[in-house]
Amino acid sequence: MRDTGDAMTSSLFTRVSELAALGLLVVGLSGCAESASAPTDPAEVTAQPAAVTVRTAAVTATDSASDTLRFAGIVQAHQRATLTFQVSGTLKAQPVEMGQQVKAGDLLARLYNPALKPATDSAKARLQELTTQLEQAQREWKRSQSLYQRGVVSEQTLEQLAAKSDGLEASVATAEASLAEANQMLGESTLKAPFAGRIEALLVEVDEFVGAGTPVVRLSSPGRREVEVRVPAYMLEDINLGQPLPIWSVQNRHQEPVNGTVVEIAQPGSVRGELHAVLVSLPENTLDAGAPVEVGIIPRVEPVTTVPLLSVIRSATGTAVYRVSTNDGTGGSRAERVAVDVRRIVGEQVVIESDALKAGDQVVYAGMTRLADGDPLEILP
C-alpha cells in the first residue's frame, strides 16, 4: 500500500509540474506578444484622422443643350398708349367702352375741376383790360408827339408816355401767356384719342377722383403686333436683329407656331443675373393683343463642363468643389478643394469654368458638412 501511495503522489506532482510549466509558457508568450506589439518609439504614436464618408459624381464635359428654350410674354400692339390727365379733378364723362374702336381725335374722357374755368375767365378779363390800357396809352403818346413838335408838350412828358406804353406792352404779353396756360389747363380736362385704335382698358370709373398723371384709358392701334420677352445676358449672343423666332400661343398649344422677327435687342448691363428685353414683331392678323405666348430661342451649341448642383460650395473666398484626389502616396482618397467659376444653373447641374477640372474627375456632392481640404475619404457606392 505504501508503494501505491507513493506512486500516486509522484504522478500528481508530475502533472502539477507540467501544468505549471505550461502556464509559465503561456505567460511568457503573452508577454512576448505585448512586447512585440508595443512601439519602441513614442514618435510613432500618431492619431490618424478618421475618413469622412461621402458620395461622389463624375464631372461631365458635353455640348450645351441645343433644345429650344421658351420665354413667356404678352402680345402687345406696336402703337399703344396709356392716357392720363395732366390736371386733377372728378371724372364726369367717359363715352367709350372697352374693346370699342375709336378714331383719332375722338373724346375718351372728361373731368371737372372747379378752378379751371374761373382761371381762364380771369386771365381773359385781365388781358382785355391791359389791351385797352395799352391802346389808350399808344393814342396818348401819338397825340403828345404831335404837341411836342409844336412845343406844347415837354420832352420829359413825351418820354414818360413812351415808357408807360412800353410797360403796358410787356404786361399784355404776360397776360397773353397766362391766358394760353389757362386755356391749356382747361384743355387738359379732356382726353382725346391720339390715334385710331381700340380701347384696351378703362382704368377709372365715372365720378371717381383722378389725380394728375393717373392712368385713365389704355389705347392700342389695330395694326402690327409685337411681344417682349426677357432673356439672360448670356443668350444675347444667340440673338440677332431680323432673326426669325417661333411663337406659340399658350391658350392653344396644339396650334402651329407663327414666325416672329427680332426688331430690338436691349444692350447688356453690368448687373449679374439681370434679364434683358428682346422685342419680337408678329405677322399681321395672327395673334390678338393681350394673348399670352411663348417665344422660342435656340441657344448656341458649345462645349461646357458641368458638375452636380449639390457639389458646389460658396464661401468668402468664392465658389469651389471638392475633387477626389488619389495622389497622396498612400493609395487612399483625399478631398482636394478646387475653385470654380459658376456660369449658369441648368436643372440639377451647374455649368462651370475651371482649368483644374476635366471630364471624369470625381467631385463630392454629399457628406460635405465637416469636410475640409485634405481630409481622407470613404466613398460610398
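Treat each spin label as a single point 7 Å out from the Cα along the C-beta direction, and report the T369 to A233 distance in nm.
3.7
Listed highest first by mean packing, meaning other Cβ atoms within 10 Å per residue, what order do 71-78, 179-186 come in? Write down the numbers at each step before the final one.
On the way: 71-78: 17.8, 179-186: 15.5.
Going by the mean number of other Cβ atoms within 10 Å, highest first, we get 71-78, 179-186.
For A81 and M98, compute 0.36 nm times the residue count separating them, minus their Cα-Cα distance, and round to one decimal in nm.
On the way: separation 17, 0.36 × 17 = 6.12 nm, distance 1.44 nm.
Gain in length upon complete extension: 4.7 nm.
Give me the percent relative contact order of segment 309-370, please, defined on Cα pairs under 8 angstrom at least 6 residues apart. The partial results should precede the final answer.
Numbers: 89 pairs, mean separation 21.0, N = 62.
Computed over segment 309-370, the figure is 34 percent.
Where the centroid of each part is defined by its Cα atoms, how far is segment 342-379 from segment 113-128 in Å?
77
Given +1 on the Cβ of Lys and Arg, -1 on the Cβ of Asp and Glu, and no further charges, what dipole in debye does segment 83-192 carry about its Cα centre, rounded to the nearest 20? If you can, show how the numbers build up before the last one.
Numbers: 12 positive and 13 negative charges, 61 e Å.
Using Cβ point charges on Lys, Arg, Asp and Glu, segment 83-192 gives about 300 debye.
Among 233-242, 136-145, how do they line up from the highest to the lowest mean number of other beta-carbon atoms within 10 Å? If you can, show how the numbers build up before the last one.
Working: 233-242: 13.0, 136-145: 14.5.
By packing density, highest mean first, the sequence is 136-145, 233-242.
How large is the Kirkwood hydrodynamic radius of segment 189-330, in angstrom, based on all distinct alpha carbon pairs?
Details: mean 1/r = 0.0497 Å⁻¹.
Taking every pair of different Cα atoms in segment 189-330, averaging 1/r and inverting gives 20.1 Å.
Can you give me the three principal axis dimensions of segment 75-164 from its C-alpha atoms, in Å, biggest first?
82, 31, 17
Any idea how far apart Q184 and L380 come out in nm if each label point goes 7 Å out from Cα toward Cβ?
Placing both labels 7 Å along Cα→Cβ, they lie 7.6 nm apart.
How do Y322, Y365 rank when sorted from fewest to most other Cβ atoms within 10 Å of their own Cβ? Intermediate values should be presented prior to the final figure.
Numbers: Y322 26, Y365 18.
Going from sparsest to densest Cβ surroundings: Y365, Y322.
Given a Förster distance of 25 Å, report the FRET efficiency between A115 and E205 from their Cβ-Cβ distance, rounded to the nearest 0.05.
Values: r = 23 Å, r/R0 = 0.90.
Rounded to the nearest 0.05, the efficiency is 0.65.
Using modelled backbone amide H atoms (1.01 Å from N, in-plane), which distant-in-sequence or interchain residues come within less than 5 Å of T214's amide H?
Those lying under 5 Å, H to H, from T214 are F85.
Give the average over all directions of the projected area of the C-alpha convex hull of segment 126-215, one decimal, in nm². Present the calculation step by step, with values, prior to reporting the outcome.
Values: hull surface 38.1 nm².
Projected over every direction and averaged, the Cα hull of segment 126-215 covers 9.5 nm².
Using amide H atoms built in the peptide plane, which far-off residues or other-chain residues are under 5 Å from V340 H to H?
Those lying under 5 Å, H to H, from V340 are T319, A320, V321.
Here, each number is a calculation from the coordinates, and none is a lab measurement. Every value quoted in this text rests on a predicted model; they were computed, and no experiment measured them. Note that we place each Cβ from the backbone using ideal geometry, even for glycine, and neighbour counts take in every protein chain shown.
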